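**Student:** My questions all concern the structure below.
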Amino acid sequence: MAIDLANEGSGSLGRKCFVSDLVAGALRYQFTGTVAVTDEADQRLTIMFKDGRPLHAEGPLVPEFRIGELLLEAGVAQPSQVATAVAQIENLPGRQPLSGALLVKDGIDPAEVKRAVQTQTRRRLARILGLTSGSWAAVSYT
């Protein structure tokens, strides 16, 4: 059953609401905004949607599937490029640039970075589809 994401909302995950219901609601209502899914250990994954399509997913609930790793897996980046980007991020104070932006500056095709972000988002969403407890909160940007 799709959750009504025509507006902002929040609730619990469990017997009556699943992550798949949230994704279905985002698609059905062409939701633009973020949906934060939090497990019982207070680990969160924030999913950004535009017109019902998931664009990005980030957070400590699913830290796997980093952009550099996915670009290496796809064979479009060299280990030295990824290591340089990671070192730059770790050594900068304050708000850090996105690794994809640094990799594009280092010669990686922006289309490949976009594909890696799409793969990252799909894999992170797939990882939380089975979550049976926790909470969710949606914030609309329309």
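The values are calculated or read from the model by the stated rules, or taken from the named source; none is laboratory data. Fair warning: this is a prediction, and the values are worked out from it, not measured in the lab. Every residue, glycine among them, receives a Cβ derived from its backbone with ideal geometry; neighbour counts consider all protein chains shown. Note: areas computed on protein heavy atoms with side chains; ligands, DNA, RNA excluded. Shrake-Rupley method; radii C 1.70, N 1.55, O 1.52, S 1.80 Å.
**Student:** Restricting attention to region 60-101, which GluC sites (Glu not before Pro) occupy a DSSP loop and are surrounded by at most 10 other Cβ atoms within 10 Å?
**Tutor:** Numbers: sites: 64, 69, 73, 90; in loops: 64.
Listed in order of number, the matching sites are 64.
**Student:** To test your reading of the geometry: what angle, between 0 and 90 degrees and rounded to tens, separates the Cα axis of helix 110-128 from the longest principal axis of the chain?
**Tutor:** Compared with the principal axis, the helix lies near 40 degrees.
**Student:** Once percent of Cα pairs over 27 Å apart is worked out from the coordinates, which option in (1) 17; (2) 28; (3) 11 does it equal?
**Tutor:** The value matching this structure is (2).
**Student:** I'd like to check one number: the per residue accessible area of the chain, probe 1.4 Å, reported in Å² as a whole number.
**Tutor:** Working: 8380 Å² over 142 residues.
Here the per-residue accessible area is 59 Å².
**Student:** How much of the accessible area of region 46-102, probe 1.4 Å, is carbon plus sulfur, in whole percent? Please list the in-between numbers first.
**Tutor:** Numbers: 1920 of 3450 Å².
Heavy-atom surface of region 46-102 belonging to carbon and sulfur, 1.4 Å probe: 56 percent.
**Student:** Of 62, 81, 93, whose Cα points farthest to the positive end of the dipole of region 54-105 (charges on the beta-carbon: +1 Lys, Arg; -1 Asp, Glu; origin at the Cα centre)?
**Tutor:** 93
**Student:** For residue 104, what accessible area in Å² do you get when you roll a 1.4 Å probe over the heavy atoms of the protein chains, rounding to the nearest 10?
**Tutor:** Accessible area, nearest 10 Å²: 50 Å².
**Student:** Per DSSP H run of at least 4 residues, take -39500 (n - 2.57); add these up for the chain, divide by its residues and hand me the 222 nm value, nearest 500 deg cm²/dmol. Kindly include the intermediate steps, with their values, before the conclusion.
**Tutor:** Values: 5 runs with 57 residues, N = 142.
Roughly -12500 deg cm²/dmol at 222 nm, from the helical runs in the chain.
**Student:** Between the helical axis of 79-91 and the dominant principal axis of the chain, each derived from Cα atoms, what acute angle in degrees is found, rounded to the nearest 10?
**Tutor:** In the chain, helix 79-91 runs at an angle near 70 degrees to the longest axis.
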